[in-house]
Each structure stands twice: as C-alpha cells, then as structure tokens.
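Enquirer: First, the structure itself, so that you have it in front of you.
The values are calculated or read from the model by the stated rules, or taken from the named source; none is laboratory data. Predicted model, so just to flag it, every value in this text is computed and none were measured. Positions of Cβ are generated from backbone atoms using ideal geometry, with glycine treated the same way; all protein chains shown enter the neighbour counts.
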Amino acid sequence: MPDSNTTISKSPSSSNHPLFRWFHLHKEKLWWLHSFYALILGIGFMWLGNRNFAYLRLAVFYLGFIWLSSLFLPKLLGHPRLSPPWPRRIQLLINFFNQNFYQQLLFFVLPTYYTSATLGSRNIGFVLLVGLSATLSTLDVVYDRHLSVKRGLTAVFFAFSLFALINVVLPVLWSVSNLRAMRIGAALAFLGFVTLYYRRSQLKARDIGLILLIALLLLGLVELGRSFIPPAPLRLASIQFGRDIEKESLQIESPLTQLAPASSLRIYGLTAIKAPLGLKEKVRHRWYEDGKLVCASPFYNMTDGRVQGFRLWTSCVFESIPPGAKLRLDLETEGGQLIGRAGLSAGK
C-alpha cells in the first residue's frame, strides 16, 4: 500500500501526458508570468481607483471572503475525508481568490493614499507600505509559499490590509471623520489579527494577557503614529500666499511667490481642500518660520465637501523675516494628519 507521499506524487501533475510534463517543466516561469499579469492588472485598478470610488462598495464582501476563508481553511484542509490531492488543490483555489481580492483592493486605494500624502513628509512611508503590500499580493510564489501558509504572516498581512482599507472606505462611503476611521480601523485590524493568529481550541489562559498587550500596543501605535498616515481621501488642491485677501470672494490679492526681508509682516494663506461630498472634518493651519512654530489657528469645521474644494484662510504676523528665512504653512486635520504644505523663502 503506497503511503500518502507516494499518492500525492502520482497526482495528474506528474502524469506522462505531454501537457503535464510541459507544465511541470515551466511551472516556475508560468507563476512569474502570472505575477506580471497580476501587476499589470493592479495598475489598471490604480487607474480606476483614481477616478471612481463606487468600487469600494465591494470591499466589505472581499474582506469578508478573505477573513472567512483564512479562518476556516485550516479546518477544511485537515478534514479526514479529503483524499491526499485535494487539500493542495483547495489551498490553491482559495489562494487564487484571496490574492485577486487583495490585489484589487490594495491597488485601488493606493492612488487615493498617494494623492492624500505630502511628498517629503513622514506620511509618504505609509503609501510605500500599501504599495509594497499590493505588490506582494501579485507575487504567486511569495503569497503561496509564505503569506498564505504561515499563520503569523497571514494575520499581519490581513490586519494591515484591513486597516488601510477601512481608513478609505469609512470616510468615502459613510462620511466618517479620519480620526474616527483610524480608530475603528485599528479595532477591526486587532480583531482580524487575533482571530486569524489564535485558534480558539488552542487558546490558553496566558494568551489572554498577551492579546490585551497587543491591543494596547496597537492602540498606542495608531494614536502616536497618526501623523504617519495620510488623511485619505482628503487632499490639498492649492495653497496661495498674499499680503491681503478679499474675504467675500475668498481671493488672494497679489499672490506672493517669494518674500523680501522685513521687520514685521502679516501674511495670509488660502488653502483649497478636495473632499467627498458629505464628509465632516476639522482642519487648521500651522505657520512655521525655519521649522519653528509661530502661529496655529483654531480648528474649523469642514462640512459637505465641494466640487471646487473647501477653502480655508488664516493669517500670521511674523515679527521679523531675516534674509534666507523659510516660511511654511501646514494644513492638518484634528487628528494631526498632514493634508498638505507649502512655503515661501525670503531673498538674501
């Protein structure tokens, strides 16, 4: 009687049929070719994600399928009634669906995070993480051999993807503020990680304390790291500087592109923010001179995102502007997320 290893080796993939022999000989190249195809498809979803948010309504279904399949697949694969070839076949089938769902969702939100991030700021790092996750989901060899079979990697990858998606889905579809969306995303990411990493049948009393510690660490990480996360889908449309502003029409008079050294000067800043209709958020301006905070405005309620952009103006008096001074205006949310920035330099 052949053992289980012998049975698996005599599966159709090792058949003498020329087609199977050809596939067996070139399977590594075919996997990488499929990965390249998935990457091209992902670029297509990036194009779609930059133009239409309606697709996000499928995110709940996709996330639910990934979570349920990852949760119950180990039990299914260990079922005694499955003959030896079938666990591997089922694993590949589920991986195929989960990979495609990850690709579509992560590539779809990537341009949203990119347009909400500020180049040169710390929040661009989160964009790179989302892009790296999206790329890993296209690599069949990496996903099949590591992400889908190692419980820790599966849980971490799902938790991060869930957090990244919730931060976009809630503000866009349900007009939830970015700060609240981050906190809800962190809570759901924690639940996703715990349910996929810990098996209920193997859960021990000592694990409860570790789970609580993970929850506190994740909450602290999100609260302290809010400035590292772009305020998707908010994005800065424009910033203008001037020495005066027409308050009724909200127009800067004689916009400034460079400053002359001065002993005292009041500068006005006008920002336009792109936001989805119905979104409610609190935003403010922070003025800096050579990296030192000079003025910080109160928070203003931004409601009902407009096609032409929500416009906010403030002013700041600089006691002295020496030659070579660099002035900067930051626009940020109540949660400390940077929407955008611009600056002026004084001539020498």
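Enquirer: Pairs, please: C-beta under 6 Å, at least 6 apart or cross-chain, first residue without any contact (Cβ under 8 Å) to a residue 12 or more places away in the chain and in the stretch 210-221, second of a type in the set (A, V, I, L, M, F, W, C)?
Expert: From residues that are without any contact (Cβ under 8 Å) to a residue 12 or more places away in the chain, there are no pairs.
Enquirer: Okay, next question. GLU253 fails exactly one of the following numbered conditions: (1) in contact with a strand residue (DSSP E or B) (Cβ under 7 Å, 6 or more places away or on another chain); (2) closer than 30 Å to PHE108 by Cα. What is the number of that condition?
Expert: If we test GLU253 against (1) in contact with a strand residue (DSSP E or B) (Cβ under 7 Å, 6 or more places away or on another chain); (2) closer than 30 Å to PHE108 by Cα, just (2) comes out false.
Enquirer: Condition first: without any contact (Cβ under 8 Å) to a residue 40 or more places away in the chain, under 31 Å from the mean Cα position of the chain (by Cα), closer than 15 Å to SER238 by Cβ and surrounded by fewer than 14 Cβ atoms within 10 Å (Cβ to Cβ). Can you find one or more residues in the stretch 303-317 that meet it?
Expert: yes
Enquirer: Scan the stretch 239-276 residue by residue and report those that are at positive phi and either among the hydroxyl-bearing types (Ser, Thr, Tyr) or assigned by TED's automatic domain parsing to the domain that holds ASN123 (or both).
Expert: The one that is at positive phi and either among the hydroxyl-bearing types (Ser, Thr, Tyr) or assigned by TED's automatic domain parsing to the domain that holds ASN123 (or both): SER254.
Enquirer: I'm trying to understand the selection: among the residues of the stretch 130-154, which are surrounded by 15 or more Cβ atoms within 10 Å (Cβ to Cβ) and within 21 Å of GLY225 (Cα to Cα)?
Expert: VAL130, GLY131, SER133
Enquirer: Restricting attention to the stretch 253-280, report how many residues are farther than 15 Å from LEU312 by Cβ and charged (D, E, K, R).
Expert: So the count comes out to 2.
Enquirer: Does any residue of the stretch 199-217 turn out to be part of a helix (DSSP H, G or I) and within 14 Å of the chain's Cα centre (by Cα)?
Expert: For the stretch 199-217, residues part of a helix (DSSP H, G or I) and within 14 Å of the chain's Cα centre (by Cα): absent.
Enquirer: If you don't mind, another one. Given the residues PRO87, PRO18, PRO80, which is the only one that is modelled with pLDDT of 75 or more and exposed (fewer than 13 other Cβ atoms within 10 Å of the Cβ)?
Expert: Only one candidate qualifies: PRO80.
Enquirer: Collect the residues in the stretch 229-251 that are outside any strand (DSSP E or B), hydrophobic (A, V, I, L, M, F, W, C) and surrounded by fewer than 18 Cβ atoms within 10 Å (Cβ to Cβ), keeping them in residue-number order.
Expert: Matches in the stretch 229-251: LEU250 only.
Enquirer: Sort through LYS348, LYS292, LYS326 and tell me the only one that's over 30 Å from ALA181 (Cβ atoms) and in contact with a Pro (Cβ under 7 Å, 6 or more places away or on another chain).
Expert: LYS348
Enquirer: Go through the stretch 319-328 residue by residue and tally those that are modelled with pLDDT of 95 or more and not basic (Lys, Arg).
Expert: Total meeting the criteria: 1.
Enquirer: Take the residues in the stretch 137-175 that are closer than 20 Å to ASN123 by Cα and of a type in the set (Val, Ile, Thr); name whichever of them is modelled with the lowest pLDDT.
Expert: Looking at residues that are closer than 20 Å to ASN123 by Cα and of a type in the set (Val, Ile, Thr), I get VAL172.
Enquirer: Just give me the residues in the stretch 314-342 being hydroxyl-bearing (Ser, Thr, Tyr) and in a strand (DSSP E or B), in sequence order.
Expert: Initial filter on the stretch 314-342 (hydroxyl-bearing (Ser, Thr, Tyr)): 314-315, 320, 333.
Correct list: THR314, SER315, THR333.
Enquirer: Restricting the search to the stretch 273-302, which residues are over 26 Å from the mean Cα position of the chain (by Cα), among the acidic types (Asp, Glu) and surrounded by 14 or more Cβ atoms within 10 Å (Cβ to Cβ)?
Expert: Passing the criteria: only GLU289.
Enquirer: Right, something else. Mind checking which pairs have a first residue in the stretch 284-301 that is β-branched (Val, Ile, Thr) and a second that is assigned to a strand (DSSP E or B), Cβ under 9 Å, 6 or more apart or different chains?
Expert: From the stretch 284-301, the pairs are VAL294/ARG286; VAL294/TRP287; VAL294/TYR288; VAL294/CYS316; VAL294/VAL317; VAL294/PHE318; VAL294/LEU327.
Enquirer: Sticking with this one: Considering ARG88, ARG81, which residue is of a type in the set (D, E, K, R) and part of a helix (DSSP H, G or I)?
Expert: None of the others qualify; the one that does is ARG88.
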